[in-house]
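Laboratory data are not the source of any read-out in this text; all were calculated from the coordinates shown. On a predicted model such as this, the values are computed, not experimentally measured, just so you know. Counting neighbours? That spans all protein chains shown, and the Cβs are built from the backbone with ideal geometry, glycine included.
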Amino acid sequence: MIQESPQPELKHYLYPGALFVDSRPHLVTTVLGSCVAVCLWDSVQKVGGINHYLLPLWNGEGLSTPKYGNIAIEKLISGMLDLGCKKKYLVAKLFGGAALWQNQHGLLRVGDRNASLAQDILKEHNIPIVASDLLGEQGRKIIYNTETGAVLLRRHRSRVIDPNE
């Protein structure tokens, strides 16, 4: 008889422009298009956190919210450290960054910029990226187990959308 490990009872849906960090095990679900989600996991504490950002850089105007990648990633790292995690034990998994929108000049590449930003910031922090599913023309749904660091991924069939249609 095969016995599966129990899944966390707590569940959370992560909306765009938000992040989630909790010491209790959760299954966190989010849906991505050109947005990127960074999943961080501490392999010693067995604690995970995730963000979901829409745009790469905050330009300094308005509120500095996790809607922007440079803010979302820094806040995620800070949140993990606040829970007692050590940066040297953190690993990252990256998802999203699809090109789903088109204009008269071709595909809008906000997803490319979102993905590149995550890779650059994690490199600056010496946090290794152990898995990723980035770019392309398909949206994704992910379910992140914050206790194990495991991510279930489903790619959505989609087509590039021309807003002029």
Counting other Cβ atoms within 10 Å, keep those with at most 12, restrict to DSSP loop, and tell me which GluC sites (Glu not before Pro) in the range 36-141 are left. Glu61
Largest first and rounded to whole Å, the semi-axes √(5λ) derived from the alpha carbon gyration tensor of the chain read 27, 20, 13
Relative to the longest principal axis of the chain, what angle (0 to 90°, nearest 10) does the C-alpha long axis of helix 110-124 take? 40
Hey, what angle do you get for helix 69-82 against the long axis of the chain, alpha-carbon based, 0 to 90 degrees rounded to 10? 10
Summed side-chain charge close to Tyr53 - residues other than Tyr53 whose Cβ falls under 13 Å, Lys, Arg +1, Asp, Glu -1: +2
Suppose each label sits 7 Å from its Cα in the direction of the beta carbon; what would the Ile143-Lys11 distance come out to in nanometres? 0.7
So, counting K/R as plus one and D/E as minus one, what does the shell of residues with Cβ under 15 Å around Phe95 add up to? +2
Would you work out which of Phe20, Tyr53, Ser78 lies farthest towards the positive end of the dipole of the range 10-155? Charges go on Cβ: Lys and Arg +1, Asp and Glu -1. Phe20
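With Cβ to Cβ distances under 11 Å as the rule, what net charge do the other residues near Cys85 carry (K, R +1; D, E -1)?
+2
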Reach of Lys86 by Cα under 27 Å, taken over lysines that are not fewer than 8 positions away in the same chain: Lys11, Lys46, Lys67, Lys75, Lys123
